[in-house]
Amino acid sequence: MAEKEPKLTAKEFSKQLTQKYYEGAKHAHEQGKYIAYTTAVSPAELFYAHDVIPIYPENHSVMMITHRMTAELSQSIERKGYTSHLCAYARSDLGFRELQKSPIGGIPDPDFLLACNAQCFTLTKWFEVLSRRYNAPLFVFDTPQFIRDKRAREEIIKYVMEQIYEMIESLETLTGKKFDFDRLREVVEYSRQASILYKTYLDMASYKPSPISIFDALINMAITVYLRGTPEAVQFYQLLVDEVMETKVKKGIGVIPNEKYRLYWENLPIWFKFRDHFKLLASYGAVILTSLYVHAWSYDFDPSDPVRTLAENYASVFSNVELEERAEMALDLFRRYSLNGNLMFLNRSCKAVSFAIHELRDIITEKTGIPALIFESDMGDPRFYSESQIRTRIEAYLETLDQLSFERERGLRE
Amino acid sequence: MNQKEILEKVQAIAQDPFPYLKGKKTEGRKILGSPLADVPSELIHAAGFLPVTILGTNRPIVKASAHLPDNACSLSRSNLELVLNYQREDFDGFVFPQVCDTTQHLSDIWKMTIPSEFFASFLIPRQVDRTSARHWFYAETQRLKSQLEGFSGSPITDDALRKSIRLYNEARTLLREIYQAKRMSPTLISNRQLFDLIRAFCFMAPEDIIPLLQTLVSDLDAEKSGEEKKRVIRISLSGIVVEPAELFGLLDELKVSVVADDLIVGSRMIDYDVPEHEDLIMALTERHFSKSPFSPIRDVGTRLYDHLLRRVEETKAEGIIYFHIKFCESQDYDLPDMKSVMRERKIPMIVLETEYQTAAKAQTKTRLEAFIESLYGEQIHG
């Protein structure tokens, strides 16, 4: 029983789970198990329900990025004709396959690939390259933009549900084993619980002062990305929520002293810089609390109808709705977390999340009155990161916020 | 009109369709624009509107940069620029397909920056290899039909749709005949002329272009006498679009003849007719799935190359000129594997990076010249 074991911290437990997961994957083929590559936002529950191990190349790429390997990996494939403006995840991954360099000794080759385009289109093309390379089938899980037309939404859910059944057939063909829907219900129930706890954790950023920053969220989201659908993920988030409650919230301890600016972050993080950014911001009394990105895994599953609930949750992720709705999702975070600043990162690596940033800024600024900083860089490739320029711009932005709050205090401004 | 006059007229429309479209508007026809690709023109036409493919502009980018980052593909930027800045009043509405991240965002940006009487998203399936894609295309086409009916205020009858389908099929058939005539006698019509005809077909009502094409076909038939004496290098083009269109003129200057292509504004637009079917929406669906591959749409992983290889083989093309739209991510992912397949098969291929706003003619010309010289060399030594 878990209670009798020496009590681990959430951080230790997360490390243990990650090691176990990658160990398991490494030996999957020896144990007659199949490896499926999948994308972070995808119905991975189908794999867990069918005893296929889902592997997330994106996740592995984040490790390569934080280990600052991306420039070298990318250059190795640029020599093969890939361009440096592709997604840094894709470049890191293709580079890993070229140089066989990885901070964790690599990930196993795929027997099957699933790419869900609710997240982005790039993944489907990147996985297409891998599918050719390993001669493994690729299933594109197609989620048309979840536009706000009632009829379209009904039809989209029907289409996505039909694809879940097709996907199940593909898995049965792959493994020669019948799919078990009762097991799927069980897995979705684990996902439901993990998602609720994960969201509870993220929402702790609404406390004042906030006990967590987005950097904590980014580290702790890994488990729900690759282990949702397992009981361990539920245990982990329960432990995490309890821990933050006991050690921070109940004592009123904030993640930074003198919290003054509670910031929203638009887009994925600049993975290789986030510690530096945390420190820089903290010196101004500013902390980034949340983003739509970390909320992409705050699902709301209903296990009684597992196929429908998977379709509904994965089709409606923030990156697959219309801009107005996405802005509303962000505005909801501004309200719930009492945010008073907005850093908008235009990520060269991610067209899918970046491209309508100016329009998004216009909506958010109009509704909140909070000025936004838009700056351009790359989430994974330091060659596209200009230290002094970004630092100067962030500093100037925080000074603007200071000026605004000074004027407000003096009654010079509404 | 004689052949020369017809070609001049159609080419003028291909280069600047807006005087023609203004004329249609004064006749009371509403213009619905759609970027590439796969919007069923037949349905829009049957609803009484004029479907027009939006093919960008070569004029300077002034306003689009404020809305799209500089790593958005040249096609999306010039499409937005064309309508936002230059020809806004010429469109009454839009039917907007989404095929990739850029087009999905462009759709959002478009709705916010270019208010219009009518905007319908046409969410084509981004996979074609499973049954669900067919069901989805059918449902989405039905939904588009209802939206068009809502805008026009009257139902699209089967008779009207059948008539539109026949017209589009006829125009496509005629364009194929002209293309085929060029394959047989490469100098009969220039590359620029052939592709301007296809381009004009993107803008013109089929009932307007058909009589012109009919005259051209009969004139070309009459001309097609005797064997070609001079050796002409036979080329296949590959990609999505060839822009700016002067590049076709460059191919003419270099005395090569296009005998095949897998372009979206090319063979993929004219090679596939709507089959006879009692259920006309099903007929449009069938046509969609009969088409050749399109880079952003998931297909069997190697079909893009297999298809091109087959076309090259069938038409005895001697090399491939691949047009890569700057910052088209889909093509970025295809290219390295595509190049290695062609290398393995020993098919000469050159990749030209293109941008709507710059022809970079001198450099492109030098590279193409070298490529074509090498093809002559292959012929001599091979």
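Below is a table of values for the structure above.
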item: Count of the stretch A:73-89 residues which are at the interface with chain B (Cβ under 7 Å from one of its Cβ atoms) and closer than 13 Å to A:PHE384 by Cβ; result: 3
item: Residue check, B:ALA200 touching a helix residue (DSSP H, G or I) at 6+ places or on another chain (Cβ under 7 Å), at pLDDT 95 or above and closer than 27 Å to B:ILE13 by Cβ; result: yes
item: Given (1) of a type in the set (Gly, Ala, Ser); (2) surrounded by fewer than 21 Cβ atoms within 10 Å (Cβ to Cβ); (3) touching a helix residue (DSSP H, G or I) at 6+ places or on another chain (Cβ under 9 Å); (4) modelled with pLDDT under 95, number of the condition A:SER405 does not satisfy; result: (3)
item: Condition broken by A:TYR337, with the remaining ones in (1) more than 13 Å from every other protein chain (Cβ to nearest Cβ); (2) surrounded by 14 or more Cβ atoms within 10 Å (Cβ to Cβ); (3) closer than 30 Å to A:LYS125 by Cβ satisfied; result: (3)
item: Number of the exception - A:LEU17 against (1) aliphatic (A, V, I, L, M); (2) farther than 29 Å from A:HIS295 by Cα; (3) touching a Phe, Trp or Tyr at 6+ places or on another chain (Cβ under 7 Å); result: (2)
item: Matching option when the condition is aliphatic (A, V, I, L, M), touching a Phe, Trp or Tyr at 6+ places or on another chain (Cβ under 8 Å) and touching a residue at least 12 places away in the same chain (Cβ under 8 Å), among B:ILE156, B:ILE209; result: B:ILE209
item: Test result for A:LYS250, free of Cβ contacts under 8 Å to residues at least 24 places away in the same chain and either among the hydroxyl-bearing types (Ser, Thr, Tyr) or farther than 29 Å from A:SER349 by Cα (or both); result: yes
item: From the options A:SER76, A:SER84, A:SER92, residue that is under 18 Å from the mean Cα position of the chain (by Cα) and of a type in the set (Gly, Ala, Ser); result: A:SER92
item: Residues that are more than 8 Å from chain B (Cβ to nearest Cβ), crowded, with 18+ Cβ neighbours inside 10 Å and outside any helix (DSSP H, G or I), drawn from the stretch A:143-169; result: A:THR143, A:PHE146
item: Considering residues of the stretch A:112-133 that are within 9 Å of chain B (Cβ to nearest Cβ) and among the polar types (S, T, N, Q) only, the residue farthest from A:PRO57 (Cα to Cα); result: A:ASN117
item: A:GLU78 vs. criteria surrounded by 24 or more Cβ atoms within 10 Å (Cβ to Cβ) and of a type in the set (Asp, Glu); result: no
item: Meets criteria (out of contact with any helix residue (DSSP H, G or I) (no Cβ under 8 Å at 6 or more places or on another chain), within 14 Å of chain A (Cβ to nearest Cβ) and buried (at least 17 other Cβ atoms within 10 Å of the Cβ)) for B:LEU75; result: yes
item: Output for the stretch A:243-261, where each listed residue is among the hydroxyl-bearing types (Ser, Thr, Tyr) and farther than 13 Å from A:ILE212 by Cα; result: A:TYR261
item: Per-region count, the stretch B:317-366, residues away from chain A (no Cβ under 14 Å), at pLDDT 95 or above and surrounded by fewer than 16 Cβ atoms within 10 Å (Cβ to Cβ); result: 2
item: Any hit, the stretch B:150-165, residues being more than 23 Å from B:VAL274 (Cα to Cα), more than 12 Å from chain A (Cβ to nearest Cβ), part of a loop (DSSP other than H, G, I, E, B) and out of contact with any helix residue (DSSP H, G or I) (no Cβ under 8 Å at 6 or more places or on another chain); result: yes
item: Unmet criterion (only one of (1) more than 21 Å from B:ASP108 (Cα to Cα); (2) assigned to a helix (DSSP H, G or I); (3) within 14 Å of another protein chain (Cβ to nearest Cβ); (4) not aromatic (Phe, Trp, Tyr)) for A:MET379; result: (2)
item: Out of B:LEU21, B:LEU84, B:LEU68, sole residue that is more than 14 Å from every other protein chain (Cβ to nearest Cβ), on the phi < 0 side of the Ramachandran plot and not acidic (Asp, Glu); result: B:LEU21
item: Residue list for the stretch B:100-139, restricted to those being within 21 Å of the chain's Cα centre (by Cα), at the interface with chain A (Cβ under 7 Å from one of its Cβ atoms) and not polar (S, T, N, Q); result: B:CYS100, B:ASP101, B:LEU123, B:PRO125, B:ARG126
item: Candidates A:VAL307, A:VAL287, filtered to the one that is assigned to a helix (DSSP H, G or I) and either touching a residue at least 12 places away in the same chain (Cβ under 8 Å) or over 25 Å from A:ILE55 (Cβ atoms) (or both); result: A:VAL307
item: Any pair with Cβ under 9 angstrom, 6 or more apart, that starts in the stretch B:358-382 at a residue that is closer than 24 Å to B:ASN58 by Cβ and among the charged types (D, E, K, R) and ends at one that is modelled with pLDDT of 80 or more and outside any helix (DSSP H, G or I); result: B:LYS365/B:LEU254; B:ARG367/B:ILE350; B:ARG367/B:LEU352; B:GLU369/B:LEU254
item: Residues of the stretch B:311-333 satisfying the condition of being farther than 24 Å from B:GLU353 by Cα and either assigned to a helix (DSSP H, G or I) or out of contact with any Lys or Arg (no Cβ under 7 Å at 6 or more places or on another chain) (or both); result: B:GLU313, B:GLU314, B:THR315
item: Top-ranked residue in the stretch A:109-142 [being surrounded by fewer than 19 Cβ atoms within 10 Å (Cβ to Cβ) and assigned to a loop (DSSP other than H, G, I, E, B); ranked as nearest to the chain's Cα centre (by Cα)]; result: A:ASP109
item: Residue identified as under 30 Å from B:LYS163 (Cβ atoms) and over 15 Å from the mean Cα position of the chain (by Cα) among B:GLU207, B:GLU246; result: B:GLU207
item: Contacts under 8 angstrom Cβ, first residue in the stretch A:398-413 being touching a residue at least 24 places away in the same chain (Cβ under 8 Å) and under 13 Å from A:TYR261 (Cα atoms), partner among the aliphatic types (A, V, I, L, M) and not in a helix (DSSP H, G or I), 6 or more apart; result: A:LEU398/A:ALA286; A:LEU401/A:ALA286
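The values are calculated or read from the model by the stated rules, or taken from the named source; none is laboratory data. Treat the numbers as computed from the prediction; the structure is a model and nothing was measured. With ideal geometry, Cβ positions are generated from the backbone for all residues, glycine too; neighbour counts draw on all protein chains shown.
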